[in-house]
Amino acid sequence: MHRIFVYGTLKEGQPNYHIMTNRKHGKALFRGTGRTEDKYPLVIAEKANVPFLLEVPGTGHRIAGEIYMVDDQMLQFLDEFESCPDMYQRTIKRIEILEWGGKEDSPEERPAANTIECFVYSTTSYKAEWLNLTYHDCYDSYGTHGLPYQSHLDTQ
Ligand code: PCA
């Protein structure tokens, strides 16, 4: 199993959450909520209004998200779904635990440390002008920014 931190459309209540709960794609167990230890610019870009965590540590905000344990199959599915490594790259980042506790079958004790390392889909392949977009700290497709994720549009 692998620990992954999601901050965008894969969070509960967001447009791609159904992927995390679809056992056809593998297993994903919710573990808790957290936020990145470092600051990053989180922007909504492209025609499809896609959230991107730009690989510019130290700029922007600490980003809120959810921590899951996923199996090999789910990780592989997510890599393909997120067009990794072209659109996003999956890197390891340090995440501060905010709330711990999944409801799932295999409860796991809260790690002793307050921060843990997780995979995160961030990107170095962004357009320079994206740095001029609004920096968010907690993505919500349905937020007041008025840029809902358009899953039917090609993001390329
Ligand atoms: N999906 C991944 C990266 C951005 C997105 O929409 C996530 O939720 O973390």
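At-a-glance table
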| quantity | calculated |
| --- | --- |
| Proxy reagent accessibility, fewest Cβ within 10 Å first, across Ser125, Ser141 | Ser125, Ser141 |
| Of all DSSP beta bridges in the chain, antiparallel share, percent nearest 5 | 95 |
| Extension reserve of the His145-Arg110 stretch, reckoned as 0.36 nm per residue once the Cα distance is removed | 9.2 nm |
| J(HN,Hα) series, the stretch 23-30, from Karplus relation 6.51 cos²θ - 1.76 cosθ + 1.60, nearest Hz, glycine and proline x | 5, 4, 8, x, 10, 9, 10, 5 |
| In degrees, nearest ten, helix 72-81 long axis to first principal axis of the chain (Cα) | 10 |
| Residue-averaged 222 nm ellipticity for the chain, from DSSP H runs of 4+ at -39500 (n - 2.57), nearest 500 | -2500 deg cm²/dmol |
| Longest to shortest principal axis, alpha-carbon extents of the chain, angstrom | 43, 34, 29 |
| Translational D in µm²/s for the stretch 22-102 (Stokes-Einstein at 4 °C, 1.567 mPa s, Kirkwood Rh from C-alpha pairs) | 93 |
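Only the coordinates and a few stated rules stand behind these numbers; no lab work does. Just so you know, these numbers come straight off a predicted model, no measurement behind them. Don't worry about glycine lacking a Cβ; one is built from the backbone with ideal geometry, like all the others, and counts go over all protein chains shown.
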